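The values are calculated or read from the model by the stated rules, or taken from the named source; none is laboratory data. As the structure is a prediction and not an experimental result, all values here were calculated from the model. Here the Cβ positions follow ideal geometry from the backbone for every residue, glycine too, while neighbour counts run over all protein chains shown. Ligands, DNA and RNA are excluded from the accessible area calculation, which covers all protein heavy atoms including side chains. Shrake-Rupley method; radii C 1.70, N 1.55, O 1.52, S 1.80 Å.
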Amino acid sequence: METCFDVKNIDLFYGDKQALKDVNMEIYKNRVTAFIGPSGCGKSTFIRCLNRMNDLIEGCKVSGEIIKDGLDIYSPKQDIVDLRTRVGMVFQKPNPFPMSIYDNIAYGPRCQGLKDKKKLDEIVTTSLKQVALYDEVADRLGDSAIGLSGGQQQRLCIARCIAMSPEVILMDEPTSALDPISTSKIEDLCLELKKDYTIVIVTHNMQQAARISDYTAFFLLGEVVEMDETDTIFSHPKDKRTENYITGRFG
Amino acid sequence: MNRLVKDNILKGITYIASALSVIVLAAILWYLVSNGLSLISSDLIVGDYYATTENAAISNDYIYDESAIGEYTGEGYYSAKWGIALEDITTAHNDEEISVVYVDPNSPFMHMNSLVSGEDGMALSLTEGSSIQNIYYLDEAGETVFLSRVKMADAQNTIAVLDANATGIVSINYESIGGGIRGSIFATLYLIGISLLISLPIGISSAIYLHEYASKNKINSLIRQGIDTLTGVPSIVYGLMGVTVLFPVTQLAGATSTSILLGGLTLAIMLLPTIIRSTEEALIVVPQSLRDGSLSLGATKSQTIFKVVLPCAVNGILTGVLLGIGRVIGESAALVYTTSTVINDNPTILSQGTSLSLMIWSIMSGEQPNYELASAISLIILVIVFAINFIVKIIGKRLAKSFV
Ligand SMILES: Nc1ncnc2c1ncn2[C@@H]1O[C@H](COP(=O)(O)OP(=O)(O)OP(=O)(O)O)[C@@H](O)[C@H]1O
Ligand SMILES: [Mg+2]
């Protein structure tokens, strides 16, 4: 199994407040890794470290290393824009641009300088097909993406991310605003995408983590309490706190 | 007191307040319309402000050919022989005049040379709207006959005399109509153009810097405070600053006196805070999630700003543009020292001139304030403001549509 991210001793501060404490983990290629933990424990903060979206937050300081392909992504040698083309992200709330469905998906490739209409058409079509949205919107690619339903918007955002053919897709609670049908569509999608992509997903839904992930990390108060194969975490957690959290949730 | 009564009193106050503002607005409109509407005509809009007296002789190269002169079926009394139509009018100053309504292209009156000393020989043609003072013509015997204003009497008689007695036209004395505002309309448009051309790019860029790039440090909050303060500076101060600081700049462009360019530059500076503020407000409203989305797709910061943020902010920015245009059209104090108060019929960017508002100031500060003309100009200003609002709204819709 190849390592995608090798995270070493990550500490993160928002101003004076420490949000991540000495996080260490390995995230493997072509696997689904789930982050679980109570609200405010730093899951979003950590997933945003992986494509350096935290850089946008004023007063956020990160120390430690995250090695990807032999290079620390926090080293000055790392081209951040290039990193983000390889590590895509899907946000909790669908955030389609107020443009046409087509332009939304073509946005990333266009920003990379792709102008060839044929290639763009192809990318748009395959991306939409991959997220099983194509049949629903094929005849209105020119319409505004804002007119789509929440679940459709979220799948559009995933398609937009896939259109960049990244290596990794980071998803921060992608289904928290969706109905069960849309949710299961996106879960199926994750399992499907796993063949080609490395997926990291934050979720509050234990069943979801159990269903789709290969590895699970349990966060608590900015620390990773335990990380292991999902089956192990859910059947034989080593740490008492993990067990409490999981069983508590399961009732 | 009963809560319901309190509620109704409050409601009543808001009703009265809004009714009051509607009444005031209606009163202003009524005043302007009742005073100025009668003056509004195409002559007012395209005409010169200064009436000029012209004295012109038919050009020596012109060969009279009656058959070349065409038909005319419009208003007034037409002489098919001389290709000129006249009518009787009463001017704004209550003078009875004989006014030209039409001149045929082959009429002798279209091929004249000026007799006024100083501009000898300059080619002239009789323009519609001019009022005729007297005419010299040739009779059957070839003698020159003087047809004075008194002998002309009215339009009908003049045409009859010319048709019956004249065998040729020698010269004509006429007065072009004045009181037109064409020059000031152009000057106003120049001012809008110059000031927006300069303040928009600078203002939008500064707003982008302040909101998208600048970190929250002391210097930037100082800049912001400075900009807010600039909004409150009286416009006459901008005018003073313009004439002392910016005048040398316009000299580089070739200006020898105060000029429309100087006024435009001054207004550009005056508009900056408005444009920056409204652009910033528009940027604030753009959700952070869109920026995050764009950056997470590997777009650079500038791509994010130009492809996602600015298009979302376009309507807010246009609101700023509208406010700016409104200020330019309404401004007079900042222009008194910078464009001068001399009404100019043919303004250029480097010449002096008055905007429409300043023109009102000019004609009202003379010895005989012209309320009618001032009201007519005010009405025209209202129409221009309305038209510009309309155009900018349409542009906004177009831009928004091309983006969706
Ligand atoms: N921009 C920020 N500035 C300051 N503190 C922040 C910021 N974002 C998050 N925090 C703090 O960092 C901690 C971790 O937040 P984070 O958003 O990562 O939690 P989370 O695990 O994603 O929670 P949730 O499940 O509710 O999304 C919280 O205590 C939060 O208050
Ligand atoms: Mg979160």
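Things to note:
- The long axis of helix A:240-250 is offset from the longest Cα principal axis of chain A by roughly 50 degrees.
- Computed magnitude of the charge dipole of chain B (debye, nearest 20; Cβ of K, R +1, Cβ of D, E -1): 3900 debye
- Folded to 0 to 90 degrees: helix A:101-111 orientation relative to chain A principal axis, Cα: 70 degrees
- Most positive-pole-ward Cα, B:ILE58, B:ILE343, B:LEU189, against dipole of the protein assembly as shown from beta carbon charges: B:LEU189
- A simple charge model with +1 on the Cβ of Lys and Arg, -1 on the Cβ of Asp and Glu and nothing else charged puts the dipole of segment A:119-251 at about 140 debye relative to its Cα centre.
- Between the residues A:PRO94, A:PHE218, A:ILE66, the greatest Cα displacement towards the positive end of the dipole of the protein assembly as shown, with unit charges on the Cβ of Lys, Arg, Asp and Glu, is found for A:PHE218.
- Counting only Cα atoms, chain B measures 94, 64, 44 Å along its principal axes, largest extent leading.
- In percent, rounded to a whole number, the relative contact order of chain A is 27, using alpha-carbon pairs under 8 Å and six or more apart.
- From the alpha carbon centroid of segment B:353-394 to that of segment A:187-245 is 72 Å.
- Values of log10 I(q)/I(0), in the order q = 0.06 Å⁻¹, for the protein assembly as shown under a Debye, Cα-only, solvent-free model: -0.59
- Most to least accessible of B:LEU310, B:LEU126, B:LEU350, B:LEU222 (protein chains only, probe 1.4 Å): B:LEU222, B:LEU350, B:LEU310, B:LEU126
- Accessible carbon and sulfur surface of segment B:195-299 relative to its total accessible area, %, 1.4 Å: 72 percent
- When B:TYR50, B:TYR64, A:TYR197 are compared by accessible surface with a 1.4 Å probe, the order from highest to lowest is B:TYR50, B:TYR64, A:TYR197.
- Scanning chain B for DSSP H helices at least 24 Å long along the axis (C-alpha atoms) with a Kyte-Doolittle mean no lower than -0.5 picks out B:3-36, B:182-208, B:260-285, B:310-330, B:371-403.
- Here r is the Cβ-Cβ distance between B:THR244 and B:ALA160 and R0 is 51 Å; the resulting FRET efficiency, rounded to 0.05, is 0.20.
- Contact order relative to length of chain B, as percent, for alpha carbon pairs under 8 angstrom and 6 or more apart: 18 percent
- Alpha-carbon centroids, segment A:35-104 and segment B:122-152: separation in whole Å: 87 Å
- Normalised by 2.2 N^0.38 Å, where N counts its residues, the alpha-carbon radius of gyration of segment A:3-132 equals 1.21.
- For B:326-332, mean number of other protein chain Cβ atoms within 10 Å: 0
- Magnitude of the charge dipole for the protein assembly as shown, about its Cα centre and with charges confined to Cβ atoms of Lys, Arg (+1) and Asp, Glu (-1), is about 3960 debye.
- Over the protein assembly as shown, dividing the summed -39,500 (n - 2.57) contributions of all DSSP H runs of at least 4 residues by the number of residues returns a 222 nm mean residue ellipticity of -14500 deg cm²/dmol.
- Angle of helix A:150-162 to the longest C-alpha principal axis of chain A, folded into 0 to 90 degrees and rounded to 10: 90°.
- Chain A - percent of accessible surface contributed by carbon and sulfur, probe 1.4 Å: 48 percent
- Calculated diffusion of segment A:103-251, Stokes-Einstein form, Kirkwood radius summed over Cα pairs, 10 °C and 1.306 mPa s, µm²/s: 94 µm²/s
- Paired Rg and Dmax values of segment B:182-399, which use every Cα atom, in angstrom: 19.4, 69
- Length-normalised contact order of segment A:63-132 in % [C-alpha pairs under 8 Å, at least 6 apart]: 15 percent
- In the protein assembly as shown, taking the dipole from charged Cβ atoms about the Cα centre, the farthest positive-side position among B:ILE275, B:ILE227, A:MET25 is held by A:MET25.
- Subtracting the Cα-Cα distance of B:LEU197 and B:VAL383 from their residue separation scaled by 0.36 nm leaves 64.7 nm.
- Between segment B:277-306 and segment B:3-82, the alpha-carbon centres lie 47 Å apart.
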